[in-house]
Amino acid sequence: MAHAETDEYRGLVAVLNRMLERIDAAFKSQRRLTADVSHELRSPLTALRGEIEVALRAERTPRDYQRVLHSALEEIDRLTAMSDDLLLITRADAGLLAAHRAPTDVNAIIRRELDGMRGRIEEKDLAVRTDLDPALGRVAVDPALTRRLIEELLDNGVKFAPPGGTVVVATTVAGGVPRLAVENSGAPLASEELAHLFEPFYRADQARTRGTGTGLGLALVAAVTRVHGGSIRAVNVPSGGVRLECELGGATDARHAA
């Protein structure tokens with residue numbers, strides 16, 4: 001009897017220890033996110049303050065004032081985008097964001113987003129290949145959130161493909177579940193980098209990404225995926241580069257999109 005009680009006690013202690021470890025990890029993650037937010041906000045605010053202070057030191061021409069105002073608007077836009085992305089991610093993590101599903105043509109969204117990136121694609125001389133499964137049809141997903149997800153995935157692929165490289169976009173459907181993959185050529189990532197790729201403000205290549213984007217793109221993608229009950233992962237491509245594979249929970253028959 002005493003032996004059984006000891007085993008039960010040890011089991012309870014193990015459960016409590018695991019729970020405390022998860023709580024500790026959550027607090028560490030929250031502290032890291034708070035520190036990262038403070039750091040990321042400092043750059044645009046410092047730039048904004050510096051531009052305005054310089055403009056106020058002496059009389060300027062109307063053209064000079066216009067230049068300062070345009071620069072200030074750019075920094076404000078960056079802060080706004082960062083705030084919007086962070087709000088979406090935190091609401092998703094808190095369970096406060098729901099997917100308002102409606103019949104959605106995912107392939108059509110991909111084509112529109114690629115058309116909108118045509119200038120960037122041509123500037124980098126990228127070869128873009130698409131393999132969009134027509135069987136995907138119209139799926140029951142949140143149209144607005146899915147568009148954001150696709151926008152960020154394509155932006156990431158175009159951004160990190162080297163000049164003259166390739167970007168491959170593919171959709172498939174298996175077991176009624178839609179899947180989207182975006183692959184870019186280039187250097188592979190280390191295993192540690194792949195493991196952290198979807199964390200807020202994580203940048204695998206600091207030299208290439210400094211000063212660009214909000215640092216929240218792939219974290220937003222992961223949040224939207226979770227809201228849809230799906231999953232996402234990053235894998236290195238044997239021929240070189242990285243592929244992001246996203247699986248969205250949702251019926252491929254539009255009749256299920258109540």
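The values are calculated or read from the model by the stated rules, or taken from the named source; none is laboratory data. Please read all numbers here as calculations on a predicted model, not as lab measurements. Cβ: placed from backbone, ideal geometry, glycine included. Neighbour counts: every protein chain shown.
If I filter the range 2-15 for residues that are exposed (fewer than 10 other Cβ atoms within 10 Å of the Cβ) and either modelled with pLDDT of 85 or more or of a type in the set (S, T, N, Q) (or both), do I get at least one hit? Within the range 2-15 (the criterion being exposed (fewer than 10 other Cβ atoms within 10 Å of the Cβ) and either modelled with pLDDT of 85 or more or of a type in the set (S, T, N, Q) (or both)), the answer is no, since none of the residues qualifies. Just one of (1) modelled with pLDDT of 90 or more; (2) under 24 Å from G215 (Cα atoms); (3) surrounded by 14 or more Cβ atoms within 10 Å (Cβ to Cβ) fails for E75. It is (1). Those residues that are at pLDDT below 95 and not hydrophobic (A, V, I, L, M, F, W, C), I need them from the range 180-201; list them, please. Those that are at pLDDT below 95 and not hydrophobic (A, V, I, L, M, F, W, C): G186, P188, S191, E192, E193, H196, E199, P200. Restricting attention to the range 107-122, the residues that are surrounded by 11 or more Cβ atoms within 10 Å (Cβ to Cβ) and either charged (D, E, K, R) or modelled with pLDDT under 95 (or both) add up to 4. When you look at I150, is it under 16 Å from the mean Cα position of the chain (by Cα) and either at pLDDT 95 or above or assigned to a helix (DSSP H, G or I) (or both), yes or no? Yes: the conditions hold for I150.
Taken over the range 169-183, residues that are in contact (Cβ under 8 Å) with a residue 60 or more places away in the chain and within 13 Å of I110 (Cβ to Cβ) amount to 6.
Pick from E199, E193: which is acidic (D, E), without any contact (Cβ under 8 Å) to a residue 60 or more places away in the chain, more than 29 Å from T104 (Cβ to Cβ) and not assigned by TED's automatic domain parsing to the domain that holds I89? Don't jump to the end; show me each part of the working.
Numbers: E199 fails: more than 29 Å from T104 (Cβ to Cβ).
Residue meeting the stated conditions: E193.
The lone criterion from (1) buried (at least 18 other Cβ atoms within 10 Å of the Cβ); (2) assigned to a strand (DSSP E or B) left unmet by G157 is number (2).
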